[in-house]
Every structure is written in structure tokens, then in C-alpha cells.
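The values are calculated or read from the model by the stated rules, or taken from the named source; none is laboratory data. These numbers come from a predicted model, not from an experiment. FYI the Cβ positions are ideal-geometry reconstructions off the backbone, even for glycines, and counts take in every protein chain you see. Each accessible area value is taken on the protein alone, full model and side chains, heavy atoms only, with ligands, DNA and RNA left out. Shrake-Rupley method; radii C 1.70, N 1.55, O 1.52, S 1.80 Å.
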Amino acid sequence: MTRDGHGSPGRVGLWTAAFEGHPAGPVREAAAEIEELGYGALWFGEAFGRDTVGQAWLLLSATRRLVVASGIANIAFRDPVAMATATRTLGEAFPGRYVLGLGGHRVDDTPRTLDGYPLPARARAVATLRGYLASMDAVPAHGPAPDPAPRRVLAALGPRMLRLAAEETWGAHTYFVPVEHTARAREIMGPDAFLAVEQAVVLDDDRDRAYRTAEAHVTAYLRHAPHQEANVRRLGFGDEDLRGPSRRLVDAIVAHGDLSAVERRVREHLDAGADHVCLQVLGHDPAVLPRREWRELAAALVPSLPSRGDRAPAG
């Protein structure tokens, strides 16, 4: 624990959506091993498997020290009252170890879908998240107050959302970003806000196969996530990069190859201003949790990236 009572996410963690396809027992076992491997934090996505609150409780109850972070809880899925009260409960039950990552992909009133499910239309993203945070803060507390209060971060890519994250929460959780974005995010957010960067990785000694796996990941996001396309365009990637996509874009988004390639990319993000890098392993059989890769990454990275003092929580 840090001096303010919060758990330290350390310099390197894991990001995964793999737990949703597995029963609770194997998920608990994997979480306990991740903690023992020395990772500082475990981030998980949310779609239509376990809801973010239930998944967080499952992972927190299986561990003792590990920071567990939603990456992210989609604001379209629950009212601010439900999110506020659930966050307080997790914070009370597991003091200092839960980080609530919030976000959503609607940037206008155009109807949007997720896996074919129609999401409710909302206002502009920054205004919506600002209002959502305010609504959470206004919810009366009729039960015990968690001490310390759980930290919050925002899924942020563009300048306005990054500034909101720095002003109203502990910081930002960025996803599908190159090192250049990390440098820009740090400049926009200033020196004190927390910045956790997701980094997709492919561990495969067959370079051609590793590249194909990385390419498929990038292609899928560009096809189904317009906010990610908009972000890479802001960074100077043009039509020629988005068609295909280009090798330049694939290499910028995914660290692929051997362990040295991953370690190099993690250090580049840290040097660019990230406080924490959470690694998402790609290319594994979805029926098998990538525990071998998690072990290999821990052996290479955890001892070589000593922790430094966490930034003070802002919300």
C-alpha cells in the first residue's frame, strides 16, 4: 500500500478480456497466479459476459494485494447511481485495491451498436462523462464510506477527454495507442495525472505469424471502432495507413515478436510519460487463458521495472 492507503499498480500490469469465456474457478486461479507473478494491476474489459462489478468482485476476492481495474466500465450499461453504490461497496470490501475505469463510445446522437446490441444515444462524449461523474458524486451515501475512496480513471484518447481525466479523476487509461500518443497525453494532462497505457503484444518466434496476428487485431479495431480510427488519424496516419492496414500502423500499435520487442516498447511508453503499462496478450487460443505468456512476460519485465511513487488520487 502507498502512504495514502491505495494499492500500487506498479509499472507493469496485465489487460485482458479473456476471463469472460471461462468459469469462475479457473479465473480465480489465474488471478491468484497473476498476483504471485508480481504484476501490480489487472485490467479487464466489459462486453456481454460478466458485468464489470461482478468481474471486479471475483478478481478482488481471489487476490490479496493486486490492484484490480475496470478497463473500462461502459457508462451505457448502468445508471450513475448503480455505478456509484457498487464502487463504494467494492472500495469498502477491498480497501485501496479497486480502480474504476469509465468510458463509452458514443460521440453524438447517432444510434450505435455493440455486438449488434443497440446502445442508448447520448450527448457528446466529454459532456456526457463530465455529467456522469457529477451524478456519481451526488449520490447520497447511506452506508459505510470506503476509506480510502476508490480511484477513478477515464478512457481517454482526444485532447478534451484527456484534460477532463486530469482535472476530474486520478487520470487516464488509454487503449490502442502508439508511443507518440503517450507523449502527447502526458503533455496535455500535465505531470501529476496518472497515465495507464494498454499495450497489445504478440509473443511468437515466427515473425511472419506474429505480424499476421498483430495485423488482424489492428484491422478489427479499425473496422469496428470509429473512435480508434479518429485517434490514429489525429496522430498523422492517413488513408494509405488505414487501408490494409499499413505495416507502419501495425508496428506502432502492437509489439510483436520476442520478449525483447515487448520490453523495448514498454520502456518507450514509460520514457514517453506513462506511469503504468498494461499488457494485452494476443493470438492465444480463446479456449485457453494465456498463462504461459503471462509467466514469460512477468519473468522478463516485472524484476526489471522497479516501481516508483504513485501519483496522488484526484477522483
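For the range 285-295, which residues satisfy the criterion of being out of contact with any Leu (no Cβ under 9 Å at 6 or more places or on another chain) and either crowded, with 21+ Cβ neighbours inside 10 Å or at pLDDT below 95 (or both)?
Result: Asp285, Pro286, Ala287, Val288, Leu289.
Have a look at Glu187, Glu180 and point out the one that is on the phi < 0 side of the Ramachandran plot, open to solvent by 40 Å² or more (accessible area, probe 1.4 Å), within 18 Å of the chain's Cα centre (by Cα) and among the charged types (D, E, K, R).
Residue meeting the stated conditions: Glu180.
Quick one: which of Ala200, Ala230, Ala225, Ala214 is open to solvent by 20 Å² or more (accessible area, probe 1.4 Å), among the small types (Gly, Ala, Ser) and under 20 Å from the mean Cα position of the chain (by Cα)?
Ala230
Only one of Ala255, Ala185 is in a helix (DSSP H, G or I) and of a type in the set (A, V, I, L, M, F, W, C). Can you tell me which?
Being in a helix (DSSP H, G or I) and of a type in the set (A, V, I, L, M, F, W, C) holds for just one of Ala255, Ala185, which is Ala185.
When the range 19-59 is examined, which residues are found to be of a type in the set (Val, Ile, Thr) and either open to solvent by 10 Å² or more (accessible area, probe 1.4 Å) or in contact with a Gly (Cβ under 7 Å, 6 or more places away or on another chain) (or both)? Let's see the steps before the verdict.
Looking only at the range 19-59, we keep the residues that are of a type in the set (Val, Ile, Thr), and these are 27, 34, 52-53.
Residue satisfying the conditions is Val53 alone.
For the structure I just gave you, tell me whether Arg88 is open to solvent by 20 Å² or more (accessible area, probe 1.4 Å), in a loop (DSSP other than H, G, I, E, B) and of a type in the set (Lys, Arg).
no
Conditions first: (1) over 23 Å from His256 (Cβ atoms); (2) surrounded by fewer than 24 Cβ atoms within 10 Å (Cβ to Cβ); (3) not small (Gly, Ala, Ser). Thr169 passes all but one, so which condition is the exception?
The number of the failed condition is (2).
Which is modelled with pLDDT of 95 or more and buried (at least 17 other Cβ atoms within 10 Å of the Cβ), of Val107, Val99?
Of Val107, Val99, the one residue that is modelled with pLDDT of 95 or more and buried (at least 17 other Cβ atoms within 10 Å of the Cβ) is Val99.
For residues in the range 262-271 being free of Cβ contacts under 8 Å to residues at least 60 places away in the same chain and over 23 Å from Gly190 (Cα atoms), which is least open to solvent (accessible area, probe 1.4 Å)? Don't jump to the end; show me each part of the working.
Just the residues of the range 262-271 that are free of Cβ contacts under 8 Å to residues at least 60 places away in the same chain, to begin with: 263-264, 267, 271.
Those still in the list that are over 23 Å from Gly190 (Cα atoms) too: 263-264.
Numbers: Glu263: 49, Arg264: 133 Å².
Out of the qualifying residues, it is Glu263.
What number goes with the only condition from (1) in a helix (DSSP H, G or I); (2) farther than 18 Å from Val197 by Cα; (3) open to solvent by 50 Å² or more (accessible area, probe 1.4 Å) that Gly244 does not pass?
Among (1) in a helix (DSSP H, G or I); (2) farther than 18 Å from Val197 by Cα; (3) open to solvent by 50 Å² or more (accessible area, probe 1.4 Å), the lone unmet condition for Gly244 is (1).
Check the range 60-74 and report whether any residue there is closer than 21 Å to Trp170 by Cα and open to solvent by 40 Å² or more (accessible area, probe 1.4 Å).
Yes.
Kindly establish whether Asp147 is acidic (Asp, Glu) and in contact (Cβ under 8 Å) with a residue 24 or more places away in the chain.
Taking the combined requirement at face value, the residue satisfies it.
Which numbered condition trips up Ala274, out of (1) farther than 24 Å from Gly13 by Cβ; (2) open to solvent by less than 10 Å² (accessible area, probe 1.4 Å)?
(1)
Could you check, for the range 37-44, whether at least one of its residues is under 30 Å from Val126 (Cβ atoms) and modelled with pLDDT under 95?
No, there is no match, as no residue in the range 37-44 is under 30 Å from Val126 (Cβ atoms) and modelled with pLDDT under 95.
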